[in-house]
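Asker: For reference, the structure I am asking about is given below.
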Amino acid sequence: MSLTAATLIPGLILLLLGLPLLAAGATVTAGLQAFPRSKNASFVCFGAGAAWFLYHIWNLSPADFGDYRVALFIGFTLIAILAFKCVPDFLAVRGVCILALLGAMPLLDAAYMQYTHPQRLWMVSLVYLVIVLALWIGTQPWRLRDFLGWLLARPGRPRCLGGVLAAYGLLLAVLAFTY
């Protein structure tokens, strides 16, 4: 992945997250409140995260336990399937965290050793922040529910967060074309 794409993708994602929050309509509010325990979001987010993780397991090299990849693939597939039955609460939140952690690697790889482009640090800093948040929220997913409850308690808070996300996304989108 090029550094331009690696900077543009998070910028567009932030814009897609920030603009609906900036509008702060009733549909957005209802969707945010329902997201952490939504079965449909669980199937989409956790399913996509599990599929991407299993893809990485299937493509392990011999140096990375590749000799055992079939057993690992079967074991992790069973764990992913059983997660829907045994721990269905906040599975959508965990799925988003999985996607964030797996998506961080190609973004950071694109910026690796690109010292001639100091503006890459805007994207890299965001990615490291997302990694820390994904680890924290992935282990304590109810924190996202509590944060969303706090965020939606006053009508100005979603707009403020949406403005910050959209502005940072716009900054990244513009910086993507400066390399």
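We did not get these values from a lab; they are worked out from the coordinates using the rules stated. This one's a predicted model, so the numbers in the text were calculated from it and none came from an experiment. We place every Cβ from the backbone using ideal geometry, glycine too, and count neighbours over all the protein chains shown.
Asker: Here's a check for you: in the stretch 104-129, which residue that is assigned to a helix (DSSP H, G or I) and of a type in the set (F, W, Y) is farthest from Y179 (Cα to Cα)?
Answerer: The qualifying residue farthest from Y179 (Cα to Cα) is Y128.
Asker: Residues that are part of a loop (DSSP other than H, G, I, E, B) and surrounded by 13 or more Cβ atoms within 10 Å (Cβ to Cβ): does the stretch 44-59 have at least one?
Answerer: Checked against the condition, which is being part of a loop (DSSP other than H, G, I, E, B) and surrounded by 13 or more Cβ atoms within 10 Å (Cβ to Cβ), the stretch 44-59 yields no hits at all.
Asker: Run down R143, R120 and say which single residue is free of Cβ contacts under 8 Å to residues at least 24 places away in the same chain and on the phi < 0 side of the Ramachandran plot.
Answerer: R143
Asker: Another question about this same structure. Taking into account only those residues within the stretch 139-179 that are in contact with a helix residue (DSSP H, G or I) (Cβ under 7 Å, 6 or more places away or on another chain) and either of a type in the set (K, R) or in a loop (DSSP other than H, G, I, E, B) (or both), which is farthest from A24 (Cα to Cα)?
Answerer: Filtering first and then ranking leaves Y179.
Asker: Additional query: Here is a check on your reading of the model: is A100 buried (at least 18 other Cβ atoms within 10 Å of the Cβ) and small (G, A, S)?
Answerer: It is true that A100 is buried (at least 18 other Cβ atoms within 10 Å of the Cβ) and small (G, A, S).
Conditions (1) under 23 Å from I13 (Cα atoms); (2) touching an Asp or Glu at 6+ places or on another chain (Cβ under 7 Å); (3) surrounded by fewer than 14 Cβ atoms within 10 Å (Cβ to Cβ), marked per residue:
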site: F73; (1), (2), (3): no, no, no
site: K85; (1), (2), (3): no, no, yes
site: V127; (1), (2), (3): yes, no, no
site: L133; (1), (2), (3): yes, no, no
site: R143; (1), (2), (3): yes, no, no
